[in-house]
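Just below is one structure, and these are the notes that go with it.
The values are calculated or read from the model by the stated rules, or taken from the named source; none is laboratory data. These numbers come from a predicted model, not from an experiment. Surface areas here come from the heavy atoms of the whole protein model, side chains and all, with no ligands, DNA or RNA. Shrake-Rupley method; radii C 1.70, N 1.55, O 1.52, S 1.80 Å.
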Amino acid sequence: VLATALMLFSKKSKTGAFLRNREFWKYWFPYILLSLLLPVMAVFFNDYPARTAMGGMQGLETLAFVVVGSWIYAAGPPLWKIAKNYILTAICVVFLFAAIQFGCGQGWSGGIFDVVQQWDVSSQMAYSERYVLTARSVGTYLNPNTLGFFGAAAIWSSLILLRGIPRVLGAGLSAATLLASQSRGSTMALIGSAIVWSCYIFCSRDRSLRKI
(Lines give C-alpha, C1' and ligand atoms only; values in the text may rest on other atoms or scores of the structure.)
Protein backbone atom coordinates (compact mmCIF):
# COMPACT_ATOMS: atom_id res chain seq x y z
CA VAL A 1 0.00 0.00 0.00
CA LEU A 2 2.80 2.41 0.93
CA ALA A 3 4.72 1.57 -2.26
CA THR A 4 1.62 2.16 -4.39
CA ALA A 5 0.97 5.51 -2.73
CA LEU A 6 4.59 6.56 -3.27
CA MET A 7 4.46 5.60 -6.94
CA LEU A 8 1.25 7.59 -7.44
CA PHE A 9 1.90 10.72 -5.41
CA SER A 10 5.66 11.03 -4.93
CA LYS A 11 8.19 12.37 -7.40
CA LYS A 12 9.27 9.70 -9.86
CA SER A 13 12.87 10.78 -9.39
CA LYS A 14 12.62 9.43 -5.83
CA THR A 15 10.57 6.26 -6.26
CA GLY A 16 11.56 5.27 -9.79
CA ALA A 17 15.30 5.82 -9.66
CA PHE A 18 15.90 2.05 -9.54
CA LEU A 19 14.35 1.72 -13.02
CA ARG A 20 17.44 3.41 -14.45
CA ASN A 21 19.73 0.96 -12.69
CA ARG A 22 21.06 -1.83 -14.90
CA GLU A 23 21.63 -4.06 -11.87
CA PHE A 24 17.89 -3.99 -11.15
CA TRP A 25 16.99 -5.20 -14.65
CA LYS A 26 19.80 -7.74 -14.66
CA TYR A 27 19.19 -9.35 -11.26
CA TRP A 28 16.00 -8.20 -9.55
CA PHE A 29 13.56 -7.95 -12.46
CA PRO A 30 13.90 -11.61 -13.54
CA TYR A 31 13.40 -12.73 -9.92
CA ILE A 32 10.31 -10.53 -9.50
CA LEU A 33 8.84 -11.63 -12.83
CA LEU A 34 9.35 -15.33 -12.11
CA SER A 35 7.95 -14.90 -8.59
CA LEU A 36 4.77 -13.49 -10.12
CA LEU A 37 4.40 -15.97 -12.98
CA LEU A 38 5.47 -19.37 -11.63
CA PRO A 39 2.74 -19.74 -8.94
CA VAL A 40 0.07 -18.80 -11.50
CA MET A 41 1.49 -21.23 -14.05
CA ALA A 42 1.47 -23.98 -11.42
CA VAL A 43 -2.27 -23.46 -10.95
CA PHE A 44 -3.13 -23.45 -14.68
CA PHE A 45 -0.75 -26.13 -15.96
CA ASN A 46 -0.02 -28.46 -13.01
CA ASP A 47 -3.40 -28.48 -11.24
CA TYR A 48 -2.07 -26.91 -8.07
CA PRO A 49 -4.71 -25.51 -5.66
CA ALA A 50 -5.90 -22.01 -6.53
CA ARG A 51 -4.41 -20.64 -3.31
CA THR A 52 -0.95 -21.48 -4.69
CA ALA A 53 -1.27 -18.35 -6.87
CA MET A 54 -0.96 -16.32 -3.68
CA GLY A 55 2.74 -17.21 -3.76
CA GLY A 56 3.02 -14.54 -6.44
CA MET A 57 2.59 -11.98 -3.70
CA GLN A 58 6.28 -12.49 -2.87
CA GLY A 59 7.17 -10.83 -6.16
CA LEU A 60 4.93 -7.86 -5.39
CA GLU A 61 6.36 -7.61 -1.88
CA THR A 62 9.89 -7.55 -3.29
CA LEU A 63 8.97 -4.81 -5.76
CA ALA A 64 7.31 -2.85 -2.96
CA PHE A 65 10.48 -3.02 -0.86
CA VAL A 66 12.54 -1.80 -3.81
CA VAL A 67 10.18 1.16 -4.33
CA VAL A 68 10.13 2.11 -0.65
CA GLY A 69 13.89 1.66 -0.39
CA SER A 70 14.48 3.93 -3.38
CA TRP A 71 12.25 6.58 -1.83
CA ILE A 72 13.97 6.35 1.57
CA TYR A 73 17.41 6.66 0.00
CA ALA A 74 16.38 9.74 -2.00
CA ALA A 75 14.78 11.36 1.07
CA GLY A 76 18.11 11.79 2.88
CA PRO A 77 19.54 11.28 6.41
CA PRO A 78 16.46 12.38 8.45
CA LEU A 79 14.38 9.56 7.01
CA TRP A 80 17.33 7.15 7.12
CA LYS A 81 17.30 7.40 10.92
CA ILE A 82 13.59 6.62 11.06
CA ALA A 83 14.07 3.67 8.70
CA LYS A 84 16.85 2.24 10.87
CA ASN A 85 14.62 2.46 13.94
CA TYR A 86 11.87 0.72 12.00
CA ILE A 87 14.25 -2.08 10.96
CA LEU A 88 15.24 -2.73 14.58
CA THR A 89 11.59 -2.61 15.71
CA ALA A 90 10.57 -5.09 13.01
CA ILE A 91 13.38 -7.45 14.02
CA CYS A 92 12.26 -7.32 17.67
CA VAL A 93 8.59 -7.94 16.81
CA VAL A 94 9.31 -10.89 14.51
CA PHE A 95 11.71 -12.38 17.06
CA LEU A 96 9.03 -12.10 19.77
CA PHE A 97 6.54 -14.10 17.69
CA ALA A 98 9.20 -16.63 16.70
CA ALA A 99 10.28 -17.10 20.32
CA ILE A 100 6.71 -17.65 21.51
CA GLN A 101 6.08 -20.15 18.71
CA PHE A 102 9.31 -21.93 19.60
CA GLY A 103 8.05 -22.16 23.17
CA CYS A 104 4.76 -23.64 21.95
CA GLY A 105 6.74 -26.25 20.03
CA GLN A 106 8.51 -27.14 23.29
CA GLY A 107 5.18 -27.74 25.01
CA TRP A 108 4.79 -24.41 26.78
CA SER A 109 1.16 -23.33 27.09
CA GLY A 110 -1.14 -20.85 28.74
CA GLY A 111 -1.64 -17.12 28.32
CA ILE A 112 0.15 -15.54 25.40
CA PHE A 113 1.41 -18.92 24.16
CA ASP A 114 -2.14 -20.21 23.54
CA VAL A 115 -3.23 -16.94 21.93
CA VAL A 116 -0.31 -16.89 19.49
CA GLN A 117 -0.64 -20.59 18.67
CA GLN A 118 -4.36 -20.26 17.93
CA TRP A 119 -3.70 -17.23 15.72
CA ASP A 120 -0.85 -19.05 14.01
CA VAL A 121 -2.88 -22.17 13.23
CA SER A 122 -5.97 -20.27 12.05
CA SER A 123 -3.96 -17.98 9.75
CA GLN A 124 -2.06 -20.92 8.24
CA MET A 125 -5.29 -22.83 7.66
CA ALA A 126 -6.78 -19.82 5.90
CA TYR A 127 -3.83 -18.66 3.82
CA SER A 128 -1.08 -21.29 3.71
CA GLU A 129 -0.54 -22.94 0.34
CA ARG A 130 -0.48 -26.56 1.50
CA TYR A 131 -0.18 -27.38 5.17
CA VAL A 132 -0.11 -26.17 8.77
CA LEU A 133 3.23 -26.21 10.59
CA THR A 134 3.55 -25.89 14.35
CA ALA A 135 6.85 -27.67 15.04
CA ARG A 136 8.88 -24.78 13.57
CA SER A 137 8.52 -21.06 14.11
CA VAL A 138 6.97 -19.02 11.30
CA GLY A 139 7.03 -15.63 13.03
CA THR A 140 4.59 -13.24 11.37
CA TYR A 141 4.73 -15.29 8.16
CA LEU A 142 3.06 -18.50 6.99
CA ASN A 143 6.14 -20.58 6.29
CA PRO A 144 9.24 -21.22 8.44
CA ASN A 145 11.51 -20.89 5.40
CA THR A 146 10.17 -17.38 4.80
CA LEU A 147 10.98 -16.58 8.42
CA GLY A 148 14.45 -18.02 7.89
CA PHE A 149 14.98 -15.77 4.89
CA PHE A 150 13.90 -12.79 6.98
CA GLY A 151 16.35 -13.79 9.72
CA ALA A 152 19.28 -14.11 7.32
CA ALA A 153 18.46 -10.84 5.54
CA ALA A 154 17.96 -9.06 8.87
CA ILE A 155 21.41 -10.19 10.07
CA TRP A 156 23.04 -8.52 7.08
CA SER A 157 20.80 -5.45 7.40
CA SER A 158 21.80 -5.06 11.05
CA LEU A 159 25.51 -5.46 10.34
CA ILE A 160 25.53 -3.05 7.40
CA LEU A 161 22.97 -0.40 8.37
CA LEU A 162 23.04 -0.24 12.17
CA ARG A 163 25.76 0.80 14.58
CA GLY A 164 26.56 0.29 18.26
CA ILE A 165 24.08 -1.46 20.54
CA PRO A 166 21.30 -1.55 17.90
CA ARG A 167 23.66 -3.44 15.59
CA VAL A 168 24.49 -6.08 18.21
CA LEU A 169 20.85 -6.38 19.29
CA GLY A 170 19.52 -6.57 15.74
CA ALA A 171 22.07 -9.15 14.58
CA GLY A 172 21.66 -11.24 17.74
CA LEU A 173 17.85 -11.35 17.61
CA SER A 174 17.94 -12.02 13.87
CA ALA A 175 20.27 -14.97 14.42
CA ALA A 176 17.95 -16.33 17.10
CA THR A 177 15.01 -15.92 14.72
CA LEU A 178 16.87 -17.86 12.04
CA LEU A 179 17.59 -20.66 14.51
CA ALA A 180 13.93 -20.77 15.59
CA SER A 181 12.84 -21.18 11.96
CA GLN A 182 15.14 -24.22 11.57
CA SER A 183 15.54 -23.26 7.91
CA ARG A 184 18.54 -25.11 6.52
CA GLY A 185 18.36 -23.31 3.19
CA SER A 186 18.48 -19.86 4.76
CA THR A 187 21.27 -20.92 7.10
CA MET A 188 23.36 -22.18 4.19
CA ALA A 189 22.55 -19.01 2.24
CA LEU A 190 23.81 -16.91 5.16
CA ILE A 191 27.02 -18.94 5.42
CA GLY A 192 27.53 -18.85 1.66
CA SER A 193 26.95 -15.11 1.41
CA ALA A 194 29.36 -14.53 4.31
CA ILE A 195 32.05 -16.54 2.51
CA VAL A 196 31.48 -14.67 -0.77
CA TRP A 197 31.49 -11.31 1.00
CA SER A 198 34.69 -12.15 2.86
CA CYS A 199 36.41 -13.19 -0.36
CA TYR A 200 35.23 -10.03 -2.08
CA ILE A 201 36.57 -7.83 0.71
CA PHE A 202 39.86 -9.70 0.75
CA CYS A 203 40.33 -9.31 -3.02
CA SER A 204 38.99 -5.76 -3.29
CA ARG A 205 41.25 -2.74 -3.30
CA ASP A 206 38.55 -0.66 -1.61
CA ARG A 207 39.74 -0.63 2.00
CA SER A 208 36.58 1.14 3.19
CA LEU A 209 34.64 -2.11 2.79
CA ARG A 210 36.56 -3.60 5.70
CA LYS A 211 34.98 -1.07 8.05
CA ILE A 212 31.52 -2.62 7.68
Exercise for the section: In a Gaussian network model over the chain where Cα atoms closer than 10 Å are linked, find which of 163, 20, 51 has the largest mean-square fluctuation. Expected result: 20
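Which helices of the chain meet both criteria: a Cα extent of 18 Å or more along the helical axis and a mean Kyte-Doolittle score no lower than 0.0, with helices taken as whole DSSP H segments? Don't jump to the answer; show the numbers that get you there.
Values: long enough: 29-45 (23 Å, 2.28); 57-75 (27 Å, 1.23); 77-105 (42 Å, 1.27); 112-127 (22 Å, 0.14); 144-161 (25 Å, 1.24); 164-181 (26 Å, 1.19); 184-203 (28 Å, 1.21).
Membrane-span-like by this rule: 29-45, 57-75, 77-105, 112-127, 144-161, 164-181, 184-203.
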Problem - the chain - percent of accessible surface contributed by carbon and sulfur, probe 1.4 Å - result: 69 percent
Handout entry: Distance histogram for region 138-191 (every C-alpha pair counted, 5 angstrom bins, percent rounded to whole numbers)
Key = 5, 26, 30, 21, 13, 4, 0
Completion exercise
The Cα radius of gyration of the chain, divided by 2.2 N^0.38 Å with N its residue count, comes to 1.13
Problem - Sum of -39500 (n - 2.57) over DSSP H runs of 4+, divided by residues of the chain (222 nm, nearest 500) - result: -23500 deg cm²/dmol
Completion exercise
If each part is reduced to its alpha-carbon centroid, region 170-185 and region 76-140 end up apart, in Å, by 12 Å
Problem - residue 136 long-range amide H proximity, modeled H, under 5 Å - result: none
Practice task
Output the direction-averaged projected area (hull surface divided by four) of the convex hull of the alpha-carbon atoms of region 65-142, in nm².
Solution key: 6.4 nm²
Fill in the blank from the handout: Listed residues 86, 200, 73; largest mean-square fluctuation, Gaussian network over the chain with Cα springs below 10 Å, found at 200
Handout entry: GNM result for the chain, Cα springs below 10 Å: residue of 27, 127, 141 fluctuating most strongly
Key = 27
